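**Q** Right, I'll just put the structure down here and ask away after.
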Amino acid sequence: MCFRPSSPALAARVTGVGSGARVSIPDAARLVDTVLARSTGKDSFLHGEGHWRRVAAAGLALLPETPDADPALVFLFALFHDSMRFNDGHDPQHGPRGAALARELRGEAFDLGDAEMDLLGFACEEHTNGGVGRDPTLGLCWDADRLNLWRVGIRPDPRLLSTGAARNGGRIAWARDLQREHVAWEELHRGFGFR
């Protein structure tokens, strides 16, 4: 499975994460380590670090077909959305806690503009509420998470997916196979174009 940018156009969009861009992630490995150190749910089989990596991998796979989505925000969503779960059961405030952690770490391990922070916060806060996102970045974030419902034995429902790329039956089947893959952060960093 390849998670690298698959086209020069995607590679050009991904390079927007450097200094001076609306989203800056100067050291993705340090950012991941910082979130792992603060996370309350990183060890969960269902919602922990392995799930975050597969959400990032699914997002990366959807990016070529969702040209208006922001790759760096997709990566940040994958990292933060379930980072502050207290348990694998009913925990309706885990998304808002993940958004709060992102806001707290903004300006330290990564930086982004106010509009981008608002979008990331909303994506984390609302990701479990079943909505469909009209914004390409928001939709792709939620789709990347929902494609990973296979891990709990649920086939993703195309009616609850936001992007045409995710609603594709082949992509839904691909996501089932993704659950058996170990995706390394380093591979994702390269795929998203981070240092």
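**Q** Tell me, in nm to one decimal, what length is gained between Arg151 and Asn87 on full extension, where the rule is 0.36 nm per residue of separation less the Cα-Cα distance? Display every interim value, and only then the final one.
**A** Working: separation 64, 0.36 × 64 = 23.04 nm, distance 1.59 nm.
Separation in residues times 0.36 nm, less the Cα-Cα distance, equals 21.4 nm.
**Q** Next up: Per residue, what volume in Å³ does the Cα convex hull of region 57-148 take up? If you can, show how the numbers build up before the last one.
**A** Values: hull volume 8.6 nm³, N = 92.
Looking at region 57-148, the number lands at 93 Å³ per residue.
**Q** What 222 nm value per residue comes from the helices of the chain, counting each DSSP H run with n ≥ 4 as -39,500 (n - 2.57) and dividing by all residues, nearest 500 deg cm²/dmol? Display every interim value, and only then the final one.
**A** Numbers: 10 runs with 100 residues, N = 195.
My calculation for the chain gives -15000 deg cm²/dmol from helical runs alone.
**Q** Here's something else I'd like to know. Among Phe75, Phe122, rank each residue by its count of other Cβ atoms within 10 Å, from fewest to most, as a rough exposure measure. Write down the numbers at each step before the final one.
**A** Values: Phe75 31, Phe122 17.
Placing the least packed residue first, the sequence is Phe122, Phe75.
**Q** How would Ile172, Ile154, Ile25 line up from fewest to most surrounding beta-carbon atoms within 10 angstrom? Write out the running numbers ahead of the final one.
**A** Values: Ile172 19, Ile154 10, Ile25 25.
Fewest to most other Cβ atoms nearby, the residues stand as Ile154, Ile172, Ile25.
**Q** Give me a comma-separated list of calculated 3J(HN,Hα) values for region 81-97, in order, Karplus coefficients 6.51, -1.76, 1.60 applied at θ = phi - 60°, integers in Hz, x for any Gly or Pro.
**A** Values per residue, Gly and Pro as x: 4, 10, 5, 10, 5, 8, 7, 8, x, 5, 8, x, 9, 5, x, x, 5 Hz.
**Q** Return the sequence-ordered ³J(HN,Hα) values of region 128-138 in whole Hz as given by the Karplus equation 6.51 cos²θ - 1.76 cosθ + 1.60 applied to θ = phi - 60°, using x for Gly and Pro.
**A** Using θ = phi - 60°, the values come out as 9, 8, x, x, 10, x, 7, 5, x, 5, 4 Hz.
**Q** Rank these for me by crowding, Asp68, Asp145, going from fewest to most other beta carbons within 10 Å.
**A** Working: Asp68 10, Asp145 23.
Ranked by crowding around the Cβ, least crowded first: Asp68, Asp145.
**Q** For the chain, with equal point scatterers placed on the C-alpha atoms only and solvent neglected, what are the log10 I(q)/I(0) values from the Debye formula at q = 0.10, 0.13, 0.19 1/Å, to two decimals?
**A** For the requested q values the scattering log ratios are -0.34, -0.59, -1.43.
**Q** Here's a follow-up. Mind listing the phi-derived Karplus ³J(HN,Hα) values for region 179-188, rounded to whole Hz, using 6.51, -1.76 and 1.60 with θ = phi - 60°, and x for any glycine or proline?
**A** 4, 8, 8, 9, 10, 7, 4, 4, 5, 5
**Q** List the residues, sorted by chain then number, that are 5 or more residues from Ser24 or on another chain and whose placed amide H is less than 5 Å from its amide H.
**A** Asp111, Leu112
FYI, it's all coordinate maths here, none of it is from the lab. Keep in mind the model is a prediction, meaning the values are calculated, not measured. For neighbour counting, all protein chains shown are included, and Cβ atoms are generated from backbone atoms with ideal geometry for every residue, glycine included.
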